[in-house]
Amino acid sequence: MTHQEFIGKLFEIEVVAHIAHLQVTGSGAYADHTALNGLYDSIVGLRDRYAESIQGKEGILTGYPQTISTKEGTDMIRYTKMMAEAVNDHRSKLQEGFLQQICDDIMELLYSTHYKLKNLK
């Protein structure tokens, strides 16, 4: 996955989490609402850290994905785990420790949100 594709995935996570946050209902809704709010708020700063760091090293990135699927109605418990695994896969291909560190922070956020959605009802 290119840096642009990875950053595009981070934009997707923000949008998917925000939509799910607005649509949550039922038992445990407040816990899910709060957990998803934390995800979409925090992913923005992590995405910017990643993009600005790689651009500081390599120059301005161009060629971002043109469309981002919102995946309305996504099972967020499965989605957060799937995205954490995708971030880990991307991380394993990086040479730069500073980018690996940001990926670690993103995985922590995704796995923490996964835990909250799955267990805090």
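The values are calculated or read from the model by the stated rules, or taken from the named source; none is laboratory data. Everything numeric here is computed off the predicted structure, so don't read it as measured data. Cβ coordinates were reconstructed from backbone atoms using ideal geometry, including for glycine residues, and neighbour counts include every protein chain displayed. Please note that ligands, DNA and RNA were not included when accessible areas were found on the heavy atoms of the full protein model with its side chains. Shrake-Rupley method; radii C 1.70, N 1.55, O 1.52, S 1.80 Å.
Miscellaneous remarks
- Hey, I60 aliphatic (A, V, I, L, M) and without any contact (Cβ under 8 Å) to a residue 24 or more places away in the chain or not: yes
Every residue, every condition in (1) surrounded by 13 or more Cβ atoms within 10 Å (Cβ to Cβ); (2) over 10 Å from the mean Cα position of the chain (by Cα), yes or no:
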| residue | (1), (2) |
| --- | --- |
| K9 | yes, no |
| D32 | yes, yes |
| G38 | yes, yes |
| S42 | yes, no |
| R47 | yes, no |
| G63 | no, yes |
| G73 | no, yes |
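So that you can scan it fast, the table gives a plain yes or no per residue for (1) part of a helix (DSSP H, G or I); (2) among the acidic types (D, E); (3) free of Cβ contacts under 8 Å to residues at least 40 places away in the same chain:
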| position | (1), (2), (3) |
| --- | --- |
| H33 | yes, no, yes |
| L46 | yes, no, no |
| E52 | yes, yes, yes |
| M82 | yes, no, yes |
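- Qualifying positions in the stretch 11-30 - touching a residue at least 12 places away in the same chain (Cβ under 8 Å), more than 17 Å from the chain's Cα centre (by Cα) and open to solvent by 70 Å² or more (accessible area, probe 1.4 Å): Q23, S27
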